[in-house]
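One structure is given below, encoded as structure tokens.
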Amino acid sequence: MSQPYRIGITGGIATGKSTVTAYLATAHQLPILDADVYAREAVAKDSPILTALANQFGSHILHPDGHLNRSQLGEIIFNDPQARDWVEKQIHPFVRQRFQETLSRLKHKIAILAIPLLFEAQFTDLVEQIWVISCSRQEQINRLCHRNQLTPEQASARIDSQFPLDQKEQQADVVIKNNADLDNLYQQVDKYLSSVMSNQQLKINP
């Protein structure tokens with residue numbers, strides 16, 4: 001059986017990627033394959049990858065119960081691009097394999113792949129259309145300050161540590177602007193999904 005038509009959802013931090021995928025799941029009953037979920041599986045307690053991380057960075061990146069201390073690891077890789085690159089090289093192959101395994105079992109005509117690091121991890125070959133969820137930099141800062149209790153300076157640093165959003169937009173098939181209200185966002189999602197279904201002569205139902 002052929003694989004579903006695959007739409008990749010990506011964007012910047014706090015641009016609204018999760019809001020879009022949640023809407024696609026609830027309003028359109030589309031399966032969501034989430035890279036973040038697979039990445040958490042990769043570093044589950046006692047997993048080979050978590051053992052490798054602890055050997056590389058020290059046991060202080062683990063909680064006393066053996067689970068990953070995400071804040072400790074985050075501090076390391078946020079401030080050290082080489083460390084971040086090393087960690088991603090451990091996790092990305094696992095995530096790619098999980099995507100491929102799940103896609104091979106799906107019976108839906110369309111699947112949504114939520115991949116924050118779609119370009120950085122070179123996962124673009126996994127999808128047939130790329131949607132970048134975007135918003136203004138000031139909106140990103142406002143959302144990060146509210147959501148993560150960050151200062152504007154801290155929020156800017158998080159944004160600047162990522163692949164530039166405008167470069168993601170340039171590589172997108174679809175850019176969805178999330179600067180207004182949810183109704184506006186959902187209308188854009190509906191429009192572009194309808195276009196995919198029309199072009200591929202698809203129906204949502206399996």
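Return the residues of segment 50-74 that are assigned to a helix (DSSP H, G or I) and more than 20 Å from the chain's Cα centre (by Cα); say none if nothing qualifies. The answer is 50, 51, 52, 53, 54, 55, 56, 57, 59, 60, 61, 72. The set of residues in segment 5-21 that are closer than 14 Å to residue 176 by Cβ and of a type in the set (A, V, I, L, M) comprises 7, 9, 20.
Close contacts from segment 88-103, counting a first residue that is assigned by TED's automatic domain parsing to the domain that holds residue 115 and a second that is of a type in the set (Val, Ile, Thr) and assigned to a helix (DSSP H, G or I), with Cβ to Cβ under 6 Å and a gap of 6+ residues or different chains, come to none at all. The set of residues in segment 136-194 being assigned to a loop (DSSP other than H, G, I, E, B) and either farther than 15 Å from residue 17 by Cβ or among the charged types (D, E, K, R) (or both) consists of 136, 149, 150, 151, 161, 164, 171, 173, 180, 181. Taking into account only those residues within segment 10-46 that are touching a residue at least 40 places away in the same chain (Cβ under 8 Å) and among the hydroxyl-bearing types (Ser, Thr, Tyr), which is surrounded by the most Cβ atoms within 10 Å (Cβ to Cβ)? Ranking the candidates gives 10 first.
In a residue-by-residue description of segment 118-132, the property of being in a helix (DSSP H, G or I), in contact with a Lys or Arg (Cβ under 6 Å, 6 or more places away or on another chain) and either assigned by TED's automatic domain parsing to the domain that holds residue 12 or closer than 21 Å to residue 165 by Cβ (or both) applies to no position.
The condition (being surrounded by 12 or more Cβ atoms within 10 Å (Cβ to Cβ) and closer than 15 Å to residue 14 by Cα) is satisfied by just one residue among 118, 144, 103: 144.
Of the candidates 49, 7, the single residue that is in the same structural domain as residue 174 (by TED's automatic domain parsing) and surrounded by 17 or more Cβ atoms within 10 Å (Cβ to Cβ) is 7.
The values are calculated or read from the model by the stated rules, or taken from the named source; none is laboratory data. Here the structure is a predicted model, which means the values were calculated and not measured. Reconstructed Cβ throughout: ideal geometry from the backbone, glycine too, with neighbour counts over all protein chains shown.
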